[in-house]
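Worksheet for the structure shown next.
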Amino acid sequence: MRDFSPNHEWLSINTATIRKQRGAEVPLGRIIDQCAAHDIRAISPWRDQVAAAGLEATARQLKALDIRLSGYCRGGFFPAPDAAGLKAALEDNRRAIDEAKALDAPCLVLVVGALPGALEGQAAYKNIARARAEVRDGIAASLEYARSAGMPLAIEPLHPMQAADRACINTLEHALDLCDELDPQRSGMLGVALDVYHVWWDPKLAEQIARAGRERLLAYHVCDWLTPTRDLLSDRGMMGDGVIELRKIRTWMEDAGYAGDAEVEIFSAIDWWQRDGDEMLATCIARHTSVV
């Protein structure tokens, strides 16, 4: 396993981690400048932030500061109540692929979606098998376009608590089953984004990481699981403050061939989003070198 203690060369910051500072929304351009000031050389931005800042302006800023991407957030949300919705989802994913390509991202992360309308409090239907079938078909159609663009897709399995509203793919095994079905040649164009917050609990995690191998392990997200967790969506912990065996999971990842960034993705409305961004980044660096 790589030794992270000498420096933070392999640290990436998912921009959600510091998109709010002292409770206020922070523009993407400022976030990029803050990362550069801390000599953080990789980020993973969100599409809405890029849209607000401008795609071309973001690309220019990243190039000027020599900052690369560890991923691009996010595509997915394929299920819909009708044919028009399914078509719109595919069109939006094509735009996401084009944006990821313009920013030279190594992959587009897919949060695949679940029961349409559930996030707004009223699911259009309750058939999760239908949602999973629409996810499968949506990834298959998007993969064809992604191949033509040369942009790998990374399925992110989410914790079962989010099966109804954000992602009906909830284990690494399920995500890899889809990869094997749609990309049996292991071309490198379809794989997974492994977020420890969502999968740390899985008794099959070690064997499924080994099954994934280098070709499927496209992104790696770190944070920690707090006990007690005060909000299941937005109370993620700083690495080292919770119960996840971070070093053990990274060992499994690297034994399987992963050699990319450890991307910090922390949603923390109660704690870290109320703090100064520079404090947050300094803490990320310290924990990256000591516990990740």
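Once each part is reduced to its C-alpha centroid, what is the distance from the stretch 17-62 to the stretch 197-235 in angstrom?
Distance between centres, Cα-based: 25 Å.
For the chain, which span is the longest to avoid every loop-located (per DSSP) member of trypsin sites (Lys or Arg not before Pro) having at most 15 other Cβ atoms inside 10 Å?
The longest uninterrupted stretch comes out as 23-125.
Rounded to the nearest 0.05, what FRET efficiency is calculated for residue 185 and residue 290 with R0 set to 30 Å and r the Cβ-Cβ distance?
Working: r = 40 Å, r/R0 = 1.33.
Efficiency computed from Cβ-Cβ geometry: 0.15.
Can you tell me how the stretch 77-210 classifies by the Cα gyration tensor, rounded, prolate or oblate, using a/c under 1.5 as the rounded cut?
Here the stretch 77-210 falls in the oblate category.
Just name one of 237, 73, 149: the one whose Cα is farthest towards the positive end of the charge dipole of the chain (beta-carbon charges, Lys/Arg +1, Asp/Glu -1).
Looking along the dipole axis, the top candidate is 149.
Between 0 and 90 degrees, rounded to the nearest ten: what's the tilt of helix 128-149 against the longest Cα principal axis of the chain?
70 degrees
On a 0 to 90° scale, report how tilted helix 28-37 is relative to the longest principal axis of the chain, with both axes built from alpha carbons and the result rounded to the nearest 10.
Helix 28-37 sits at roughly 40 degrees to that axis.
At 222 nm, what helix-only mean residue ellipticity would the chain give, in deg cm²/dmol to the nearest 500, using -39500 (n - 2.57) for each DSSP H run of four or more? List each step's numbers first, then the result.
On the way: 10 runs with 121 residues, N = 292.
Only helices count here, giving -13000 deg cm²/dmol.
Among rounded, prolate and oblate, which fits the stretch 11-290 when a ≥ b ≥ c are the square roots of the eigenvalues of its C-alpha gyration tensor, a/c under 1.5 means rounded, and a/b larger than b/c means prolate? Before the final figure, lay out the partial values.
Values: a/c = 1.34, a/b = 1.24, b/c = 1.08.
Note, shape of the stretch 11-290 comes out rounded.
Rounded to the nearest 0.05, what FRET efficiency is calculated for residue 39 and residue 83 with R0 set to 51 Å and r the Cβ-Cβ distance? Present the calculation step by step, with values, prior to reporting the outcome.
Numbers: r = 49 Å, r/R0 = 0.96.
Efficiency, from the Cβ-Cβ distance: 0.55.
What distance in nm separates the simple spin-label points at residue 259 and residue 124, each placed 7 Å from Cα in the Cβ direction?
Each label point is offset 7 Å from its Cα along the Cβ direction, giving 4.4 nm.
Using Cα springs under 10 Å in a Gaussian network model of the chain, which residue among 254, 156, 144 shows the largest mean-square fluctuation?
Per the Cα network of the chain with a 10 Å cutoff, 144 tops the list.
Of the DSSP beta bridges with both residues in the chain, give the percent that are antiparallel, rounding to the nearest 5. If you can, show how the numbers build up before the last one.
On the way: 4 of 29 bridges.
Of the beta bridges lying entirely in the chain, close to 15 percent run antiparallel.
Just to be sure I understand: with springs between alpha-carbon atoms less than 10 Å apart, which residue in 224, 48, 137 has the highest mean-square fluctuation in the Gaussian network model of the chain?
Residue with maximal mean-square fluctuation among 224, 48, 137: 48.
For the pair residue 247 and residue 207, what calculated FRET efficiency results from E = 1/(1 + (r/R0)^6), where r is the Cβ-Cβ distance and R0 = 22 Å, to the nearest 0.05? Show your work: numbers first, answer last.
Numbers: r = 18 Å, r/R0 = 0.84.
With a Förster radius of 22 Å, E is 0.75.
Which residue fluctuates the most in the chain, going by a Gaussian network model with Cα springs under 10 Å, if the choices are 213, 113, 71?
Top of the fluctuation ranking is 213.
Find the centroid of the Cα atoms in the stretch 85-134 and in the stretch 259-292, then give the distance between the two in whole Å.
Going from one Cα centre to the other spans 27 Å.
Using the Karplus curve 6.51 cos²θ - 1.76 cosθ + 1.60 with θ = phi - 60°, work out ³J(HN,Hα) for each residue of the stretch 67-80 in order, rounded to whole Hz, and write x for Gly and Pro.
Going residue by residue, I get 10, 9, 9, 9, x, 9, 9, 8, x, x, 6, 7, x, 7 Hz, with x marking Gly and Pro.
Every read-out reported here was derived from the displayed coordinates using simple, explicitly stated rules and does not represent laboratory data. Treat the numbers as computed from the prediction; the structure is a model and nothing was measured. Heads up, the Cβs are rebuilt from the backbone with ideal geometry, glycines too, and the neighbour counts pull from every protein chain shown.
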